[in-house]
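K.L.:
Quick one: the structure is below, questions incoming.
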Amino acid sequence: MQLLVALIAVCTLLQPTVVLSRPMVQILDTRAVTSLNQAATAQAHQRDNTATRAVTSVQIKTSDGLCLFVDPLSGDFRSNLTPVQTVACNNNSPNQKWDLITSGKHNNERGFALLVSSL
């Protein structure tokens, strides 16, 4: 809940890099699967092209300079239940890019924002 509150506050900043005020706990998790079922992944992760994105393809940094990171293979075969980790920042990593959605089919509640991986 605190992460959501921090992200809602950030929503109006529209800066290329979002900085979280609280350090996050690093999760070290091995990969749960060796490959994704592409058809199931596409069905489970439909991009909302009608969504309003306050920011897109930005890194989110912790106060100690690490970036949020998602490894799609650490979830299930659809890339669901994927833990978010913190790692050293790498501007070339698509796994560290995030979109902040302020409205759309997955978020239609005024005053709230949804953080999604840009993958």
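The values are calculated or read from the model by the stated rules, or taken from the named source; none is laboratory data. In this text the structure is predicted, and so the values were computed from the model without any measurement. Don't worry about glycine lacking a Cβ; one is built from the backbone with ideal geometry, like all the others, and counts go over all protein chains shown. Heads up: the accessible areas ignore ligands, DNA and RNA and are worked out on the full protein's heavy atoms, side chains in. Shrake-Rupley method; radii C 1.70, N 1.55, O 1.52, S 1.80 Å.
K.L.:
What number of residues within the stretch 85-119 satisfy the criterion of being open to solvent by 50 Å² or more (accessible area, probe 1.4 Å) and either of a type in the set (Asp, Glu) or closer than 20 Å to Thr52 by Cβ (or both)?
P.N.:
Total meeting the criteria: 9.
K.L.:
Quick one: in the stretch 5-26, of everything that is of a type in the set (S, T, N, Q) and assigned to a loop (DSSP other than H, G, I, E, B), which residue is modelled with the lowest pLDDT?
P.N.:
At the first step, the residues of the stretch 5-26 found to be of a type in the set (S, T, N, Q) are 12, 15, 17, 21, 26.
Right, trim to assigned to a loop (DSSP other than H, G, I, E, B) and you get 12, 15, 21, 26.
Details: Thr12: 34, Gln15: 41, Ser21: 53, Gln26: 51.
Out of the qualifying residues, it is Thr12.
K.L.:
Something else now. What number of residues within the stretch 34-60 satisfy the criterion of being surrounded by 12 or more Cβ atoms within 10 Å (Cβ to Cβ) and farther than 19 Å from Pro94 by Cβ?
P.N.:
Counting residues in the stretch 34-60 that are surrounded by 12 or more Cβ atoms within 10 Å (Cβ to Cβ) and farther than 19 Å from Pro94 by Cβ gives 4.
Table: residues versus (1) among the charged types (D, E, K, R); (2) more than 21 Å from Gln38 (Cβ to Cβ); (3) without any contact (Cβ under 8 Å) to a residue 60 or more places away in the chain.
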{"position": "Arg53", "(1), (2), (3)": "yes, yes, yes"}
{"position": "Gln59", "(1), (2), (3)": "no, yes, yes"}
{"position": "Leu73", "(1), (2), (3)": "no, no, yes"}
{"position": "Arg78", "(1), (2), (3)": "yes, no, yes"}
{"position": "Thr82", "(1), (2), (3)": "no, no, yes"}
{"position": "Gln85", "(1), (2), (3)": "no, yes, yes"}
{"position": "Asn91", "(1), (2), (3)": "no, yes, yes"}
{"position": "Pro94", "(1), (2), (3)": "no, no, yes"}
{"position": "Trp98", "(1), (2), (3)": "no, yes, no"}
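K.L.:
Among Gln59, Gln38, which is the only one that is within 18 Å of Leu119 (Cα to Cα), modelled with pLDDT of 80 or more and more than 16 Å from the chain's Cα centre (by Cα)?
P.N.:
When all the criteria are applied, what remains is Gln38.
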